[in-house]
Amino acid sequence: MASGASNDVTQDVIWLKRDFRLADHLPLHHAGLSNHRVLVLYVYEPEVIEAEEFHPAHLLFINKSLQDLHGRLMQQYGVGVHTRVGKATDVLGEVLAKVGRFRLLSHHETPVATQRARNTAVREWCGRNNIRWH
């Protein structure tokens, strides 16, 4: 666990954004090294889906990728992909209310403007809620 993280955290939330690989996925690797429970989460974010740069073909790709990843995770680790619709900060708040403090893991992306704004909001939310985001 990263330095400064509290020892009372026993849950990892892997936030899938744009990387749906199973092999060579650093957040999945880090979660696998911990003794934490793991929640793999994808958030269908209306502000991302409704953005000008988002094409309907992206949604088809996301859905197929999540279905494939879910099946492979279930087969190999007994953990599936959970999906929610909403603002990332709202969904993470629901997770926090349900499971308590957690460590948030996500793949670094090269975001467009909509995603940069979302990432800033999530970073601020994490700070307010004492959540470590790696």
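The values are calculated or read from the model by the stated rules, or taken from the named source; none is laboratory data. This structure is a prediction, so every number in the text was calculated from the model and none was measured. Cβ coordinates were reconstructed from backbone atoms using ideal geometry, including for glycine residues, and neighbour counts include every protein chain displayed. For accessibility, only protein heavy atoms count, side chains too; no ligands or nucleic acids. Shrake-Rupley method; radii C 1.70, N 1.55, O 1.52, S 1.80 Å.
Quick look at the values:
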{"item": "Compactness of region 13-58 as Cα Rg over 2.2 N^0.38 Å, two decimals", "result": "1.43"}
{"item": "Estimated [θ] at 222 nm from DSSP helical runs (n ≥ 4, -39500 (n - 2.57)) normalised by residues in the chain, nearest 500", "result": "-14500 deg cm²/dmol"}
{"item": "Amide H contacts of His134 (H built 1.01 Å from N, under 5 Å, at least 5 apart or other chain)", "result": "Leu104, Leu105, Ser106"}
{"item": "Residue-by-residue Karplus 3J(HN,Hα) for region 125-133, coefficients 6.51, -1.76, 1.60, Hz, glycine and proline x", "result": "4, 4, x, 5, 10, 6, 9, 7, 10"}
{"item": "In order through region 52-60: 3J(HN,Hα) via Karplus (6.51 cos²θ - 1.76 cosθ + 1.60), integer Hz, x for Gly, Pro", "result": "4, 7, 8, 9, x, 5, 4, 5, 4"}
{"item": "Residue order for Tyr77, Tyr44 - accessible surface, 1.4 angstrom probe, largest first", "result": "Tyr77, Tyr44"}
{"item": "For the chain, accessible area per residue (1.4 Å probe, heavy atoms of protein chains only), Å²", "result": "58"}
{"item": "Residues with amide H under 5 Å from that of Val79, placed H, sequence gap 5 or more", "result": "Met74"}
{"item": "Region 11-134, accessible surface, carbon-and-sulfur percent (1.4 angstrom probe)", "result": "54"}
{"item": "Computed label-point distance, nm, for sites Ala57 and Val112 using a 7 Å Cα→Cβ extension", "result": "1.3"}
{"item": "Net length gained if the chain between Arg21 and Arg84 were fully extended (0.36 nm per residue, minus Cα distance)", "result": "20.7 nm"}
{"item": "Rounded if a/c under 1.5, otherwise prolate or oblate - region 46-95, Cα gyration tensor axes", "result": "oblate"}
{"item": "Under-5 Å amide H pairs with Asp12, H placed in peptide plane, nonlocal only", "result": "Arg37, Val38, Leu39, Arg103"}
{"item": "Surface accessible to a 1.4 Å probe, Ile49 within the full protein complex, Å²", "result": "60"}
